[in-house]
1. Just to be sure before I move on: is Ser165 touching a helix residue (DSSP H, G or I) at 6+ places or on another chain (Cβ under 8 Å), crowded, with 18+ Cβ neighbours inside 10 Å and not aliphatic (A, V, I, L, M) in the structure I sent?
2. Would you mind finding the one in Glu139, Glu135 that is within 21 Å of Phe256 (Cα to Cα) and either in a loop (DSSP other than H, G, I, E, B) or in the same structural domain as Phe107 (by TED's automatic domain parsing) (or both)?
3. Report, by residue number, each residue of the range 145-182 that is polar (S, T, N, Q), part of a loop (DSSP other than H, G, I, E, B) and within 21 Å of the chain's Cα centre (by Cα).
4. Among what's in the range 183-238 and is among the basic types (Lys, Arg) and surrounded by fewer than 16 Cβ atoms within 10 Å (Cβ to Cβ), pick the residue that is nearest to the chain's Cα centre (by Cα).
5. In the range 239-259, how many residues are under 13 Å from the mean Cα position of the chain (by Cα) and surrounded by fewer than 22 Cβ atoms within 10 Å (Cβ to Cβ)?
6. Going through the range 86-112 one residue at a time, which ones are touching a residue at least 60 places away in the same chain (Cβ under 8 Å), outside any strand (DSSP E or B) and more than 15 Å from the ligand (Cβ to nearest atom)?
7. Give me a count of the residues in the range 121-140 that are within 16 Å of the ligand (Cβ to nearest atom), crowded, with 17+ Cβ neighbours inside 10 Å and without any contact (Cβ under 8 Å) to a residue 40 or more places away in the chain.
Amino acid sequence: MKSLVCKGQTFHLNCTEFLPPLNSDLTPFRNVCKCLILHYQISNHLIKLYMLAKTQLALSLIFLGFYTEAQPLNKEIAKPAKEVAYKLVWADEFNTNGPPDSENWVFEEGFKRNEEMQWYQRDNAYCKDGLLIIEGRKEQRPNPTYDAASQDWGKKRQQIAYTSSSINTRKKHSWQYGRFEVRAKIPVDNGLWPAFWTLGVEGQWPANGEIDIMEYYKGKILANIACGTSRAYQAEWYSKTKDITELGGKAWADQFHVWRMDWDENEIALYVDDLVMNKVPLSKLKNKDSKGDNPFMQPHYILLNLAMGGLNGGDITSDTPFPARFEVDYVRVYQKE
Ligand SMILES: [Ca+2]
C-alpha cells in the first residue's frame, strides 16, 4: 500500500493482479489480458479501478480499458484483505522451438503404467510458438520389449499402436510448498487422458504422495490427492471431479485454462480458473502405514503427460482425432516471500 498526498487529499494506492471471476463482464479477457485492480481511497470512498492490459514486447503494458467501482468506506474495507505474497521461483514458458529444455525435463520411455495404450517416446513432445505440445499419435510398429511368455501387460503386447510423451522434472527440480500453475488446453476426445501432476521425491508410490492438479478422462476433470495405506500400491484418494459439460463442454475445452495448486504446511488447494476443485488439510494426508509419514511435507517434482486408454482413460474410438494435442503455454512455480 502506497500513500500520496495531492491537493491536501491523501490517496492510498494498492495495485494487485487478478483473474476476472467466471461469468463476469470481464470473463472474455481472462486469457488474453493482464487484469490489474488499482485500489484507491478518496475521502470516504474506496475506488477500485479495474484495468485490462496486454503485455507487449515484454516490457510495456498497453491498457485496453478500465472501469471503476466506488464503495462507501468503512473500517472493514479500508484495509484490503492481506493477500499472501508469492514470488516466482521457477518457470518454463516453452519459448524455444524444439525439444523440451533438458535442463528442466526428463522423458519416460515405453509402456509405463495403468495398462495405458500409448508407448511413451521423446519424439511426441516439442515446443513451437511458445507452447509445449504433447502429441498423441496413432502409429503402429513392433514392440521392442515384446515377450510372448511374459505376464507383464506391456511386454505381452506384440505391437505398439499409439505413441505419446510423458515428461517430468525428477532429479532436476522439486519444491516443497508453493503455488504451482499450468496454463493449458486439453484434448477431451474419447480415450484421451492428459495430466499435470506431482510426486514426492522419496518413497514408493503411493507413500511418496501424488497430487493431480489437472487430470482429464471420460468427460470429467479431476483434482486428486493420494497418500499411502497399509497395503503396498494401494492409495487413499481424496478426489473431486467436475463434468466438463458443467463448465461449457467442448467449447470450454477449446480454450486455454489455468490449473493451480496452493500448497503450504496446512493445506493443499486445487483450482481451475480460480474455481476451487479440492481442498484437503495436510493433517488428513499422513500415510496410513506403520511409519505414518506425511508425503506432503517433502519436495515434489512435476509431471506432464498425455496418456490414452488403459485402466481409466476410456476407449479410443474411430472419431478420436489423431494427432491429439495437449498444449501447454507455461508451467510456473511460486513460493511465499
Ligand atoms: Ca508459453
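1. For Ser165, the condition - touching a helix residue (DSSP H, G or I) at 6+ places or on another chain (Cβ under 8 Å), crowded, with 18+ Cβ neighbours inside 10 Å and not aliphatic (A, V, I, L, M) - is met.
2. The conditions single out Glu135.
3. Ser165, Thr169, Ser174, Gln176
4. Lys220
5. 3
6. Glu103, Glu108
7. Qualifying residue count, the range 121-140: 2.
The values are calculated or read from the model by the stated rules, or taken from the named source; none is laboratory data. Treat the numbers as computed from the prediction; the structure is a model and nothing was measured. Cβ sites come from the backbone with ideal geometry, for glycine too, and all protein chains shown count toward neighbours.
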